[in-house]
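Just below is one structure, and these are the notes that go with it.
The values are calculated or read from the model by the stated rules, or taken from the named source; none is laboratory data. Treat the numbers as computed from the prediction; the structure is a model and nothing was measured. For neighbour counting, all protein chains shown are included, and Cβ atoms are generated from backbone atoms with ideal geometry for every residue, glycine included. Side chains included, ligands, DNA and RNA excluded: accessible areas come from the protein's heavy atoms. Shrake-Rupley method; radii C 1.70, N 1.55, O 1.52, S 1.80 Å.
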Amino acid sequence: MVKVITYGTYDLLHQGHINLLRRAKELGDYLIVGVTSDSFDIGRGKLNVRNNMLERVEAVKATGYADEVIVEDYQGQKIDDIQRYNIDIFAIGSDWEGKFDYLNEYCKVVYLPRTEGISSTQLRAETQDIFRIGIIGSGRIAKRFVPESNMVSGANVVSVYNPDLEAAKDFAQQVGIDWCDQFDSFLDGVDAVYIASPHPTHYEYAKRALMNGKHVLCEIPMVLSGEEARELYHLAEENNLVLLEANKTAYCPAFNHIVTLVKSGIVGDVVDVRASLSKMVAPPTRELDPAQAGGALNEHASITLLPVIKLLGRDFSDVSFYSKKEGGVDVYTKMNVNYPHATSSITLGIGIKTEGDLVVSGTKGYVYVPAPWWLTDFFEVRYEDQRKNKKYFYSYDGDGLRYEIQEFIAMIVSNRRSCYKLRRRESIAIADIIERYNSGVNLRLL
Ligand code: CTP
């Protein structure tokens with residue numbers, strides 16, 4: 001019996017796929033089709049796949065050509081599969097000509113003619129709604145947002161708003177978009193906004209955008225109080241709009257895998273989470289300006305509280321803070337968030353330097369994520385018996401903003417108001433803690 005194997009994403013299954021599968025089947029007696037898993041596609045930078053893995057598997061089965069469908073989940077799996085399933089022929093479309101010659105060592109490699117004039121990419125483009133995004137604010141992060149949004153289909157950054165017209169114009173000319181210093185006319189020209197203005201302005205901008213029917217992606221800290229966060233999410237819900245906090249670590253593949261692994265008990269019961277983040281800054285900068293809600297905590301708490309709230313929950317019993325302040329802002333803050341069953345501590349700095357790693361300790365082992373853990377593409381699960389340790393690698397593409405933009409657009413397209421990667425209630429809990437700090441509750445100065 002001649003066994004053939006082929007692989008693909010098979011998104012929005014089309015005639016090109018069907019022809020390819022028919023030709024592959026004709027090469028032998030038994031055809032195995034490897035369909036990429038969602039996480040494998042995200043990991044290799046294919047962020048725009050429309051159908052989820054189950055839908056894609058079902059579509060391949062429905063063609064009737066596959067005798068067996070398997071899931072492709074990791075780099076190098078093709079060699080394993082060819083050996084494991086005793087494959088005689090590896091077949092793939094001619095767009096891959098030459099790319100899989102290395103498999104000739106294991107079986108025969110056949111490049112089949114590709115059907116001209118059709119592809120999933122083309123179908124996605126034809127059926128994609130394009131959302132016009134306007135950026136509010138024109139600082140450092142806003143600049144990174146534009147190239148990152150180009151990686152996400154459906155996202156089209158069209159304009160920037162800044163009350164300072166010169167700043168808006170400067171920015172717009174650099175990145176090739178329109179500019180505006182009138183908020184209402186700016187809103188008229190967009191479907192969604194990305195708020196990247198100084199922290200204290202987020203709330204008002206988000207509220208006005210939501211009241212005008214615009215979806216909102218808001219930089220961290222989304223707001224500086226729990227009440228404001230509740231109000232904004234409520235407003236979004238009432239107006240059937242997406243409000244998403246741009247807490248970029250929350251949407252990254254590696255961080256998501258840490259959460260699911262820990263939740264599935266890989267390190268036992270979690271008893272402690274320790275996260276640090278320090279970034280030295282030099283004046284003059286917004287981070288050192290009390291009028292712009294600068295300081296280490298306002299700057300970095302949203303990201304560092306993420307693993308704590310995701311892994312230990314929102315029912316903490318007490319929170320305490322220790323800060324070193326200079327010029328009206330905290331240059332160093334230690335935050336302890338305790339639970340009846342666990343502890344957590346967070347070290348933040350904009351004027352002190354420390355190791356920016358993350359450790360999640362449990363009754364069976366711990367997860368170690370080296371600095372900078374918030375941009376992570378690697379982590380290790382470690383045990384007393386070191387032979388059981390396991391390392392996990394991911395890709396973290398570009399500046400990482402593409403993952404949150406992708407989530408934002410996907411939520412708009414699928415009419416989803418809530419996102420499991422960062423629940424609204426988790427974002428509110430984070431805002432509550434930031435508010436406690438800014439009101440001086442349980443705060444001691446060093
Ligand atoms: N294929 C083909 N003819 C097409 C499109 C795809 O023969 N017009 C083949 C590919 O060469 C591959 C298989 O179908 O062997 C699955 O490819 P996949 O990447 O899922 O499809 P594409 O339409 O090429 O997807 P994308 O545009 O996302 O790359």
With the condition kept exactly as written, say whether any residue in region 12-27 is open to solvent by less than 40 Å² (accessible area, probe 1.4 Å), more than 12 Å from the ligand (Cβ to nearest atom) and among the charged types (D, E, K, R). no
State all residues of region 304-356 that are open to solvent by 60 Å² or more (accessible area, probe 1.4 Å), outside any strand (DSSP E or B) and basic (Lys, Arg); if no residue qualifies, say none. 314, 353
Could you check region 240-273 and list, in sequence order, the residues that are closer than 19 Å to residue 365 by Cα and part of a strand (DSSP E or B)? 270, 271, 272, 273
Just one listed residue, out of 353, 334, is of a type in the set (Lys, Arg) and free of Cβ contacts under 8 Å to residues at least 60 places away in the same chain, and it is 334
Quick test of your reading of the structure: residue 404 fulfils all but one of (1) under 12 Å from the mean Cα position of the chain (by Cα); (2) not in a helix (DSSP H, G or I). Name the failing condition by number. (2)
Considering only residues of region 40-81 that are aromatic (Phe, Trp, Tyr) and part of a loop (DSSP other than H, G, I, E, B), which is most open to solvent (accessible area, probe 1.4 Å)? 74
If you go through 74, 65, the only one that is within 13 Å of the ligand (Cβ to nearest atom) and of a type in the set (Ser, Thr, Tyr) is 65
Sort out which residues of region 91-112 are within 11 Å of the ligand (Cβ to nearest atom), exposed (fewer than 14 other Cβ atoms within 10 Å of the Cβ) and farther than 19 Å from residue 11 by Cα, and write them in order of number. 97, 99
For residues that are surrounded by 16 or more Cβ atoms within 10 Å (Cβ to Cβ), modelled with pLDDT under 90 and over 15 Å from residue 248 (Cβ atoms), tally how many sit in region 380-417. 1
Members of region 418-446 found to be open to solvent by 50 Å² or more (accessible area, probe 1.4 Å), closer than 30 Å to residue 128 by Cβ and without any contact (Cβ under 8 Å) to a residue 24 or more places away in the chain, listed by number: 420, 423
Search region 118-136 for residues being assigned to a loop (DSSP other than H, G, I, E, B), more than 7 Å from the ligand (Cβ to nearest atom) and not β-branched (Val, Ile, Thr), and hand back the single one that is nearest to residue 47 (Cα to Cα). 128
With (1) more than 19 Å from residue 297 (Cβ to Cβ); (2) open to solvent by 10 Å² or more (accessible area, probe 1.4 Å) as the list, and residue 217 as the residue in question, which single condition is left unmet? (2)
Can you find a residue that is touching a residue at least 12 places away in the same chain (Cβ under 8 Å), open to solvent by 20 Å² or more (accessible area, probe 1.4 Å), out of contact with any Leu (no Cβ under 9 Å at 6 or more places or on another chain) and more than 28 Å from residue 415 (Cα to Cα) anywhere in region 124-141? yes
Of residues in region 1-11 being open to solvent by 20 Å² or more (accessible area, probe 1.4 Å) and part of a loop (DSSP other than H, G, I, E, B), the one nearest to the ligand (Cβ to nearest atom): 2
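Conditions tested, residue by residue: (1) more than 13 Å from residue 132 (Cα to Cα); (2) open to solvent by less than 20 Å² (accessible area, probe 1.4 Å).
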residue	(1), (2)
160	no, yes
176	yes, no
191	no, no
201	yes, no
208	yes, no
Return the residues of region 68-77 that are closer than 21 Å to residue 23 by Cα and touching a residue at least 40 places away in the same chain (Cβ under 8 Å); say none if nothing qualifies. 72
Looking at region 30-39, which of its residues are open to solvent by 20 Å² or more (accessible area, probe 1.4 Å) and more than 15 Å from the chain's Cα centre (by Cα)? 30
